[in-house]
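The next block holds one structure in the form of structure tokens; read it before the comments.
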Amino acid sequence: MSSPYFPRTFVQGPSLEDLYRDIQPDLALVEEELRKLARSSSRLIKEINSYLFPKGGKRIRPALLILAARMSGYDGNDHILMAAIVEAIHTASLLHDDIIDNSSMRRGKESVHARWGPNITVLLGDYLYIKTIGLSLKNENNGIVRLLSEASAQMIEGEIAEYDFSRNTEITEGDYFNIIDKKTAGLFAASCRIGGILGCAPKADLDRLSAYGTDLGMTFQLIDDLLDFTGDAGLLGKPILSDLGEGRITLPLIRALRQDGPVLRSRLLSLMSRNPLDDSAKQEILGILQDNGALEYAFRKAEKYADAARDSISRLPDSPQRDILGRMADFVLGRDN
């Protein structure tokens, strides 16, 4: 099942292949580091890690760190390990997410939770968090270790808040934005700032990199949540409205529940309460959200964050990497998976 409504009717961004062209050698080295990180004397850990870290994926967080480091004049090798670490932290958060949401699919294939069970999955998530913080100690800059620790703690706090609001139709926009700021934007910001720290960028530039990363991360999560309503199930690797089926109430539904009159709100609540959601309920929900402007509202919010990200990055010294980071906002806004 696919939605008849697509955000890419508003904007079409550049491809990652185009954006990553100049940093492809560094990203290849990041893949090598991830393969090293996947090694273990434990047969089971090695097997699951190999499943978790196949070559490929968007690798946006590592790319942000690499680009920020290069833009700041860094010429060492620590950015490769740091880039692998932020990707591993992101992966650990997905493991915990899948347990909380009881997700059976992740990136078009069976989730670790579905394949190995929740006990192994939560232990592996904890293992990755602890191992990445340990690896970060190889860098002598305490600020980087602190950033990674804070970002990891924020992500877990965001996951707890999201679980607390599961199926709660009284969730507000403020609650929602607080969750995605912690769950997603914090690691985007940390990735950018770490790159700047490696390059010894001045504090004003570090703050602009952090602001850029935060706004880009907010854009990313808004589009991610919007694609749950508007995307193509084949491209997403999961059915449409999976988030709602797992209890996540995101911005389009929050907006619709606040904007519609009592009759339509009652109908929307009735449809949302169905478990499982059948195709007819999904199509009716999508129709309501499209007709009342909730989908476009969510997209316009994402546009504002993307504009803010571009503004922050434009205030940094001119460089090819700065231009790529600016165009990254276009990619995030226009992506379809």
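Of note:
- If you go through region 225-242 and keep only what is in contact with a helix residue (DSSP H, G or I) (Cβ under 8 Å, 6 or more places away or on another chain) and assigned to a helix (DSSP H, G or I), you end up with Asp225, Leu226, Leu227, Asp228, Phe229, Thr230, Leu236, Ser242.
- Within region 63-88, residues that are under 12 Å from Ala190 (Cα atoms) reach partners that are among the aromatic types (Phe, Trp, Tyr) and not in a loop (DSSP other than H, G, I, E, B) with beta carbons closer than 9 Å, at six or more positions or on different chains, in the pairs Leu64/Phe188; Leu64/Tyr212; Ala68/Tyr212.
- Region 33-48, subset surrounded by 13 or more Cβ atoms within 10 Å (Cβ to Cβ) and touching a residue at least 40 places away in the same chain (Cβ under 8 Å), residue farthest from Val112 (Cα to Cα): Glu33
- Failed criterion for Ser270 (all others in (1) in contact with a Leu (Cβ under 9 Å, 6 or more places away or on another chain); (2) within 21 Å of Ser242 (Cα to Cα); (3) in a helix (DSSP H, G or I) hold): (1)
- 3 or more residues surrounded by fewer than 21 Cβ atoms within 10 Å (Cβ to Cβ): qualifying helices (runs of 4 or more DSSP H) within region 113-211: 118-136, 142-164, 173-180
- Those residues of region 273-298 which are in a helix (DSSP H, G or I) and either polar (S, T, N, Q) or closer than 30 Å to Gly196 by Cβ (or both), in sequence order: Ser280, Gln283, Gln290
Residue-by-condition table, conditions (1) of a type in the set (Asp, Glu); (2) under 29 Å from Leu67 (Cβ atoms):
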residue	(1), (2)
Arg167	no, no
Asp175	yes, no
Ala185	no, yes
Phe188	no, yes
Ala211	no, yes
Glu246	yes, no
Ile249	no, no
Leu257	no, no
Gly261	no, no
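- Yes/no for Leu235 being within 27 Å of Ser103 (Cα to Cα), aliphatic (A, V, I, L, M) and surrounded by 15 or more Cβ atoms within 10 Å (Cβ to Cβ): no
- Against the numbered list (1) in contact with a Leu (Cβ under 6 Å, 6 or more places away or on another chain); (2) closer than 29 Å to Asp318 by Cβ; (3) not aliphatic (A, V, I, L, M), Gly73 comes up short only at (1).
- Checking each residue in region 314-337 for being closer than 15 Å to Arg70 by Cα and among the polar types (S, T, N, Q) picks out Ser319, Gln321.
For every residue, the table says whether it meets (1) hydroxyl-bearing (Ser, Thr, Tyr); (2) under 22 Å from Gly261 (Cα atoms); (3) crowded, with 17+ Cβ neighbours inside 10 Å.
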position: Glu284; (1), (2), (3): no, yes, no
position: Gln290; (1), (2), (3): no, yes, yes
position: Gly293; (1), (2), (3): no, yes, no
position: Ala302; (1), (2), (3): no, no, yes
position: Tyr305; (1), (2), (3): yes, no, yes
position: Ala308; (1), (2), (3): no, no, yes
position: Ser314; (1), (2), (3): yes, no, no
position: Asp318; (1), (2), (3): no, no, no
position: Phe331; (1), (2), (3): no, no, yes
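- Looking only at region 250-267, residues that are out of contact with any helix residue (DSSP H, G or I) (no Cβ under 8 Å at 6 or more places or on another chain) and either assigned to a loop (DSSP other than H, G, I, E, B) or at positive phi (or both) come to 1 in all.
Computed from the coordinates by the stated procedures, all read-outs in this text should not be read as laboratory data. Model, not experiment: these values are computed from the prediction. Backbone-built Cβ (ideal geometry, glycine too); neighbour counts: all protein chains shown.
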